[in-house]
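Chemist: Let me give you the structure first, and then I'll get to my questions.
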Amino acid sequence: PLQKEHQCQFQMMEAAFYHMPHPSDSERLRTYLPRNPVPTPLYYHQV
Amino acid sequence: FDDPPGLLEKTEFLLREWISIHYSATAGRDPTRAFSIFVQQMNGHGILKTDDLITRFFRLSTQMCVDLCYRFLAEPASTPTLIRTKCFHTLDAFVRLIALLVKHSGDASNTNTKINLLNKVLGIVAGVLLQDHDNRLTEFQQLPYHRIFIMLFLELNTPEPILEAINYQVLTAFCHTLHILRPAKASGFAYAWLELVSHRVFIGRMLAITPQQKGWGMYAQLLIDLFKFLAPFLRNAELAKPVTLLYKGTLRVLLVLLHDFPEFLCDYHYGFCDVIPPNCIQMRNLILSAFPRNMRLPDPFTPNLKVDMLPEIAHAPRVLTNFASMIQPMSFKKDLDSYLKARAPVTFLSDLRSNLQVSNEPGMRYNIPLMNALVLYVGAQAINFIRNKGLTPNMSTIAHSSHMDIFQNLAVDLDTEGRYLFLNAIANQLRYPNSHTHYFSCTLLYLFAEANTEAIQEQITRVLLERLIVNRPHPWGLLITFIELIKNPTYKFWNHEFVHCAPEIEK
Amino acid sequence: MVKDQFGMVGLLTFIRAAETDPNLVSLALGQDLTALGLNLNSPENLYPNFGGPWAETPCRPQDIDFHVPPEYLINATIREKLAPVKLNRYKDDLLFYMFYTNVGDVLQLAAAAELYSREWRYHTEEKVWITQAPGLGAVEKTSTYERGTYYFFDAQNWRKVAKEFHLDYNKLEGRPQLPSILPPQP
């Protein structure tokens, strides 16, 4: 069974789960061509 | 506390001043000149006069940057891209100021000033994060801190002579900070923390570029921090989505390490398996499957593979954890050594189980790290003992020794939970061809052959089988042991009822 | 046989439970580690373009910041002086470059839309862009398909190549739709 401390840890992790880091958080700000991730059709190249 | 009057206003003024300088055209052309002008302004306001004032300046600045981000994050109808652009506009300037102060403080030869300042700033940011984490609880946001740490790390790892000269201390400072902010301490920062630890530049610096593998030990400690945090959630098997995401992210990082730095996983496998829960089979297999890149593994399915003829089989693997020191208390270690040497005191065997048992709570009855350390220590001693007699470990030379007394006693005397953990400790040594893999493979087969109850044989089979039915990768030593067990008629494996207890098992 | 969870029955119970409870699978039977977006057979090291623990794909070239002299960086102050990105002013090969290097980004869609407006069509199975080859029209045309020689853009050799195609109209992508709310340029 999860101890109390683990339940608190889980709550904090769960909250963070809803605002995950973006890939651009680790990249220099690109003022000219910023990353704008959008879902593209699966039949387009994904890599 | 006790900030001198007016310091907050001065700090805010200077921070605004720096941001406009940072984005000005002159800074674009000549960053160092712009910086030196600003340092004079800081001096003019007496900020650099004492250590205490510098500390207060950085704490207040960090606080201001963080508060600004929370305000942007709270703005309604703003897109993540826009929020980030606004936050990073300020944070990146603040980071640049820190990086320039670290680079240019003290004179070029005196690196201590630089490193002391870096440790101070990292400690301040970590302190602000932990306080924020404890105050805001589930409203805590990792974004500002993640940005400060990663951009500062990247700035301080640009290939410039001044920075290359202090790179190892920079890495050490970041590892200390990440250990302070380990997921068990700042669970709301766990995802950002893993991003930082697994960032391509961080991995490159810690595991590839830093000479003599000097970063390996620190990196291993960070992974152990991660496994320790995940353990209670993974032990529950029912993974909630936030845990699944972190677990899957961990698998990705381990796959990169397995592919690029298998020797790192080989060297630290023991410490990792000590903290990974026993039911986390695939992740443990991934670590145990690592083998040195210059080694060619013979196909485990080669008919009549003569394992003891392989050249590497006689070499002891590097185990960088001091597992002998983990056998506590000292009195127990003393009795152990005395029993190994002279098979006395005889009570050592009958007391063994009570030394290993820590509670009566099902699933938590045994001291797993002690069990693991005992098994590896006794095994390593056994190999030396056999070698010193000019022999090599095999099914006959490992028998009838004080070492095997201990293993057989554990197999017979422990309850099913204890025996499961004991057999796991042995199976954790079945890796690439080396003397430990060979000895423990023989030991497992010997325990199977000499078992006085079928339960022992059933649990040996269980421990091996659960490691084999998971998706790849599978450690080489595990495969050759199981193949020997099911193919060699000596073990009469297929005669046992537990092999036919269900179609899936038999298959 | 051993009655508790530490024997064969314990393992069997877990295996059977995992068949119905997907949350259990990740630990009981593990997952296919080759499906996590890492090329585990790559002869090169993976870490230099590792996209991070949550990334399904490696970093793209433009995601990796290399250390360049500060003058090379587009300073925010000259940002306004640079011409805005206008795809209809670029030649086809730049559009193809943007399409192939900005996977999963609005730029890929924007490049696709501009190519479409220049009478290129994306074949959703062949996964290539195709256009009429002047003077080499269709030799056969029906309401559902046409056959003949067309140009396709060969991204490996980065040039237009003439080739025979049997074009099912329903395999040609319609006009690419750009997302309604284009995130505002910062």
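Chemist: Take chain B, mark every one of the chymotrypsin sites (Phe, Trp or Tyr not before Pro) that falls in a DSSP loop and has at most 13 other Cβ within 10 Å, then report the longest stretch left between them, sites excluded.
Modeler: Answer - B:2-300.
Chemist: Continuing with this model, one more query. I need the calculated FRET efficiency for the pair C:Gln31 and B:Gln213, taking r as the beta carbon distance and R₀ as 35 Å, to the nearest 0.05.
Modeler: Computed FRET efficiency for C:Gln31 and B:Gln213 comes out at 0.70.
Chemist: For helix B:80-104, what angle does its Cα long axis make with the longest principal axis of chain B, in degrees from 0 to 90 and rounded to 10?
Modeler: 90 degrees
Chemist: Connecting C-alpha atoms closer than 10 Å in a GNM of chain C, tell me which of C:Leu107, C:Leu94, C:Leu11 has the biggest fluctuation.
Modeler: Highest fluctuation among the options: C:Leu11.
Chemist: Please list, in order along the stretch B:444-453, the HN-Hα scalar couplings obtained from phi with the Karplus expression 6.51 cos²θ - 1.76 cosθ + 1.60 (θ = phi - 60°), rounded to whole Hz, x for Gly and Pro.
Modeler: Using θ = phi - 60°, the values come out as 5, 5, 5, 4, 5, 5, 8, 4, 9, 9 Hz.
Chemist: Determine the shielding of peptide C:119-126 by partner chains: average, over its residues, the number of Cβ atoms on other chains within 10 angstrom of each Cβ.
Modeler: Mean partner-chain Cβ count within 10 Å for C:119-126: 1.
Chemist: Can you list residues from other chains, or at least 5 along the same chain, whose modelled amide H is less than 5 Å from the amide H of C:Tyr145?
Modeler: C:Tyr169
Chemist: What distance in nm separates the two pseudo spin-label positions at B:Ala108 and C:Lys127, each 7 Å out from Cα along the beta-carbon direction?
Modeler: 5.2 nm
Chemist: Taking beta carbons within 10 Å but only from partner chains, what does the mean come to for residues B:276-283?
Modeler: 3
Chemist: While we're on this one: Each label point is 7 Å from the Cα along the Cα-to-Cβ direction; what then is the distance between the points at C:Leu82 and C:Asn39, in nm?
Modeler: 2.8 nm
Chemist: With runs of 4+ DSSP H residues as the only contributors, calculate the mean residue ellipticity of the protein assembly as shown at 222 nm using -39,500 (n - 2.57) per run, divided by the residue total and rounded to the nearest 500.
Modeler: Value at 222 nm, helices only, nearest 500: -16500 deg cm²/dmol.
Chemist: For B:Lys10, go through the aspartates and glutamates and keep the ones whose alpha-carbon is under 13 Å away, minus same-chain ones fewer than eight residues off.
Modeler: Partners found: none.
Chemist: Would you tell me the mean number of C-beta atoms belonging to other protein chains that fall within 10 Å of each C-beta in B:451-459, as a whole number?
Modeler: 2
Chemist: Another question, then. Using θ = phi - 60° and the Karplus form 6.51 cos²θ - 1.76 cosθ + 1.60, what ³J(HN,Hα) does each residue of the stretch C:29-44 get, whole Hz, x for Gly and Pro?
Modeler: Karplus-based 3J(HN,Hα) across the stretch C:29-44 equals 10, x, 10, 6, 6, 7, 9, 9, x, 10, 8, 6, 9, 5, x, 8 Hz.
Chemist: May I ask for the distance between the Cα centers of the stretch B:485-507 and the stretch C:1-73, given as a whole number of Å?
Modeler: If we compute the Cα centre of each part, the gap is 32 Å.
Chemist: Separation of the stretch B:309-328 and the stretch B:33-81 by C-alpha centroid, Å?
Modeler: 51 Å
Chemist: Taking neighbour counts of Cβ atoms within 10 Å as a proxy for exposure, in what order, fewest first, do B:Arg200, B:Arg387 appear?
Modeler: B:Arg387, B:Arg200
Chemist: Which shape class, rounded, prolate or oblate, goes with the stretch B:385-474 when its Cα gyration tensor gives a ≥ b ≥ c as root eigenvalues, a/c under 1.5 marks rounded, and past that a/b bigger than b/c marks prolate?
Modeler: oblate
Chemist: Based on alpha-carbon centroids, what's the gap between the stretch C:97-125 and the stretch B:206-220 in Å, whole number please?
Modeler: One Cα centre to the other: 43 Å.
Chemist: Sticking with this one: How large is ³J(HN,Hα), in whole Hz, for each residue of the stretch C:162-176 in order, when computed from phi with the Karplus curve 6.51 cos²θ - 1.76 cosθ + 1.60 and θ = phi - 60°, using x for Gly and Pro?
Modeler: Karplus-based 3J(HN,Hα) across the stretch C:162-176 equals 7, 7, 6, 9, 10, 9, 6, 4, 6, 9, 8, 5, x, 5, x Hz.
Chemist: Would you list C:Lys86, C:Lys141, B:Lys120 from fewest to most Cβ contacts within 10 Å?
Modeler: Least to most surrounded, the residues fall as C:Lys86, C:Lys141, B:Lys120.
Chemist: Students often get this wrong, so check it: of C:Lys127/C:Lys171; B:Lys49/B:Lys120; B:Lys487/B:Lys507; B:Lys241/C:Lys3; B:Lys185/B:Lys228; B:Lys487/C:Lys3, which have C-alpha atoms separated by over 21 Å?
Modeler: Beyond 21 Å: B:Lys241/C:Lys3; B:Lys487/C:Lys3.
Chemist: Separation between the C:Val68 and B:Asp134 pseudo-spin-labels, each 7 Å from Cα along Cα→Cβ, expressed in nm?
Modeler: A separation of 4.5 nm, rounded to one decimal place.
Chemist: Would you mind checking the tilt of helix B:51-74 against the longest principal axis of the Cα atoms of chain B, expressed as 0 to 90 degrees and rounded to 10?
Modeler: On a 0 to 90 degree scale, this one is about 80.
Chemist: So which GluC sites (Glu not before Pro) in the stretch C:16-117 are both in a DSSP loop and have at most 15 other Cβ atoms within 10 Å of their Cβ?
Modeler: Hits after loop and neighbour filter: C:Glu44, C:Glu56.
Chemist: By how many degrees, 0 to 90 and rounded to 10, does the Cα axis of helix B:262-275 deviate from the longest principal axis of chain B?
Modeler: Tilt of helix B:262-275: around 80 degrees.
Chemist: Using the membrane-span-like helix rule (whole DSSP H runs, Cα extent along the own axis of at least 15 Å, mean Kyte-Doolittle hydropathy at least 0.0), which helices of chain C qualify?
Modeler: Helices meeting the criterion: C:8-20, C:106-117.
Chemist: Quick one: compute the contact order of chain B, relative version, from alpha carbon pairs under 8 angstrom and 6+ residues apart, as a percent.
Modeler: Reported relative contact order: 10 percent.
Chemist: I would also like to ask the following. Restricting to Cα pairs below 8 Å that are 6+ residues apart, what does the relative contact order work out to for the stretch B:433-507? Please round to a whole percent.
Modeler: Here the relative contact order equals 28 percent.
Chemist: Next up: Quick query: amide H of C:Ala155 versus all other amide H atoms, modeled in the peptide plane; which residues come in under 5 Å with a sequence gap of 5 or more or a different chain?
Modeler: Sorted by chain and number, the residues that satisfy this come to none at all.
Chemist: Arranged from highest to lowest average of other beta-carbon atoms within 10 Å per residue, in what order do the peptides B:426-437, B:350-361 appear?
Modeler: By packing density, highest mean first, the sequence is B:426-437, B:350-361.
Chemist: Where is the GNM fluctuation largest for chain C (alpha-carbon springs, 10 angstrom cutoff): C:Tyr47, C:Tyr72, C:Tyr150?
Modeler: C:Tyr72
All of the numbers you see were taken from the coordinates with simple rules; none came from a lab. Keep in mind the model is a prediction, meaning the values are calculated, not measured. Using ideal geometry, Cβ is built from the backbone for each residue, glycine included, and neighbour counts are taken over all protein chains shown.
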